[in-house]
Structures are given as C-alpha cells and as structure tokens.
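Working notes, structure below.
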Amino acid sequence: MLLAVDAGNTNVVFAVHDGREWRGRWRIATRADRTSDEYAVWLLFLMQQAGLRPADVTRAVIGTVVPAALYNLRRLCRDWFACEPLVARSTLDWGFAISVDRPQEVGADRLLNALSAHHHYRGPLIVIDFGTATTFDVVDQDGAYLGGVIAPGINLSIEALHKAAARLPRIGIGRPQAAIGRDTVSAMQSGIFWGYVGLIEGIVSRIRAEREAATLKVIATGGLAPLLAEGTTVIERVDQDITLEGLRLLAMRNPAPTYRGEISATIPSE
C-alpha cells in the first residue's frame, strides 16, 4: 500500500491507498517542530482503527510546501514504515512540461494538482485551490503546466481584517443571504464571500482571455471549495482528493528511492 503525505501550510494530510481505493485520510495541524514519533503515535492509532498496520505500507510519497516539516516526515516513513519516501520536486518525471521561468520555485501542491487534474479531466483547464493561499494553476491541452496566480487565502483575509481594524470582529465564512449587510458581521461576510466570488470570476475571465480559450475547464479543491462553488457557475467541479491523487500518480511514474545514509533536513537540491 501507498502512504501519501500532503503537507500544507495549515494542515498535513495522511492517506493510504491500497491500489484500488483510498482506505483512510487523516488530518493534523502543520507544526514544523512536530517530531516523527509524535506523528507516529497519532497516525498509527488512526490506521489501526481503519484496520491497517504499518507493515501494510510498502511505499511512501511526500508533497510539502513547508521545508522545515520535511525532515521529521521523512524520518516517520523510515523509522515506522521501513521505506524511503519519494519527495515531490520539479526534477522528477511528471509526464508533462513545466513551462515556467523557474520550475524549482513552483510549490509541489500546484504541480500535483496539475498532474491529477489533467489525468482525470484533461486540459485545457484551471485548478483553483482554496488553501492558506488561493491559487489558480493553468494546464494546457497536452498537460503542460503554464503557471498561474497566487492570492491571499480567505482565512488570511479574515484574520488580517480583524487584526487591522480595532472594531471589526473575527468572523466565520458563510454564504450571506443578501449582498447588503444589515449589521457589521453580515456586511463582513458579504464582503468576504462575494469578494472572493468576484476574485474567482475575474481571474478566470482574464486567464481565458489570455489563453484565447473560453472553454477552459475549472476544477476547485480545498476546504472552502464547496462553499465558494455555490456562489458561481464558473467552477464546474469540486474535487477534494485532487492533491492526494497527484501524489499517487507521481509515485506510479517514479521509482521508489533507496536509503543512502543519513537523511537531509531540507528538501533535496534541484
């Protein structure tokens, strides 16, 4: 079985695939100082509840945008699952061209989303990922990654608004009943929700104009994707497994690495 680890700025998602389906998914808050043993105590218990043993895992793959978390995630795979993980980076075989000026700067999650989206939906398309940042990634009809857009995430915007304005409270995100708020909270919710709907529609429109392709499919992922999809017809499909599927597909395309001595505390050089 394959252990896939998607380490984002907010959460780390662990999932196990048995070759046919995902057998379990578990999420924990990202903390760069969390040790491999802490991960193991938490993860092995949850795997046991799903009827899985450490010995069932024969391969591992990690995608991370948090370099400081990589060391202990790799130690987790080596010490508790007896395998050296494949680490997603631009120098691997992705099966498509990374057509940007500095491929090594592209976040692993963005390449994984592109790989998975093209495999399942075919291009040309845009993948919107509602995470700590809101990213728009463009894939052409042949699967090549063309770059994209990075905007502040919704929760970052809410927190910044609360901290910068003394009288504005911290709010939860939800779809407001009307655009015009009748009190402070509803006015803020309207600004956040409809503001991001406008952001989505505006950026997608500009990307389509630049690519001269009005038929670009739009796939969304991330925790807030279902909510934002309710407010616009631009988003055609929500797929919450797209990054995990990218990790699985990447592992299928590349051989499992072998252990060659003490592991590095940083992402391997490009």
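Derivation of every value follows stated rules applied to the coordinates shown; laboratory data play no part. Computed from a predicted structure; not experimentally measured. Here the Cβ positions follow ideal geometry from the backbone for every residue, glycine too, while neighbour counts run over all protein chains shown.
Tabulated values for the structure
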read-out: Whole-Hz couplings from phi, Karplus 6.51/-1.76/1.60, listed for the stretch 78-88; x for Gly and Pro; value: 6, 7, 10, 10, 6, 8, 8, x, 7, 9, 5
read-out: The chain - Kirkwood radius from inverse mean 1/r over Cα pairs (Å); value: 19.8 Å
read-out: Added length on full extension, which subtracts the Cα-Cα distance from 0.36 nm per residue, ASP241 to THR215; value: 7.0 nm
read-out: Long-range Cα-Cα pairs in the stretch 33-181 (distance over 23 Å), rounded percent; value: 56 percent
read-out: Cα long-axis angle, helix 184-211 against the chain (0 to 90 degrees, to the nearest 10); value: 70 degrees
read-out: Rounded to whole Hz, the Karplus (6.51, -1.76, 1.60) HN-Hα couplings of the stretch 14-25, x for glycine and proline; value: 10, 8, 10, 10, 9, x, 10, 7, 7, 8, x, 9
read-out: Max mean-square fluctuation residue, GNM over the chain, Cα-Cα springs under 10 Å, options GLN48, GLN189, GLN240; value: GLN48
read-out: Fluctuation leader among ARG206, ARG248, ARG34 - the chain, Gaussian network, Cα springs under 10 angstrom; value: ARG206
read-out: The stretch 151-270: relative contact order in percent, alpha carbon pairs under 8 Å with at least 6 residues between; value: 16 percent
read-out: Cα gyration tensor shape for the stretch 107-182, rounded if a/c is under 1.5, else prolate or oblate; value: prolate
read-out: FRET efficiency estimate (nearest 0.05) - Cβ-Cβ, HIS162 to MET1, R0 41 angstrom; value: 0.45
read-out: Nearest 10 degrees, 0 to 90: helix 108-121 Cα axis against the chain principal axis; value: 80 degrees
read-out: Total charge dipole magnitude, the chain, about the Cα centre, Cβ charges on Lys, Arg, Asp, Glu only, Debye to nearest 20; value: 420 debye
read-out: Computed E for SER36/SER205 - FRET, C-beta separation, R0 45 angstrom, nearest 0.05; value: 0.50
read-out: Helical mean residue ellipticity (222 nm; -39500 (n - 2.57) per DSSP H run of 4+; nearest 500) of the chain; value: -12000 deg cm²/dmol
read-out: Ratio of the Cα radius of gyration of the stretch 135-215 to 2.2 N^0.38 Å, where N counts its residues; value: 1.38
read-out: Stokes-Einstein D (µm²/s) once Rh is taken as the Kirkwood radius of the stretch 103-247 over alpha-carbon pairs, at 4 °C in 1.567 mPa s; value: 82 µm²/s
read-out: Angle between the chain longest axis and helix 36-49 axis [Cα atoms, degrees, rounded to 10]; value: 80 degrees
read-out: Fraction of the pair-distance distribution of the stretch 41-95 above 15 Å, Cα-Cα pairs, percent; value: 54 percent
read-out: Spherically averaged projected area in nm², based on the convex hull that wraps the Cα atoms of the stretch 14-73; value: 4.3 nm²
read-out: For the chain, built as a Gaussian network whose Cα springs stay under 10 Å, the top-fluctuating residue of ALA55, ALA97, ALA68; value: ALA55
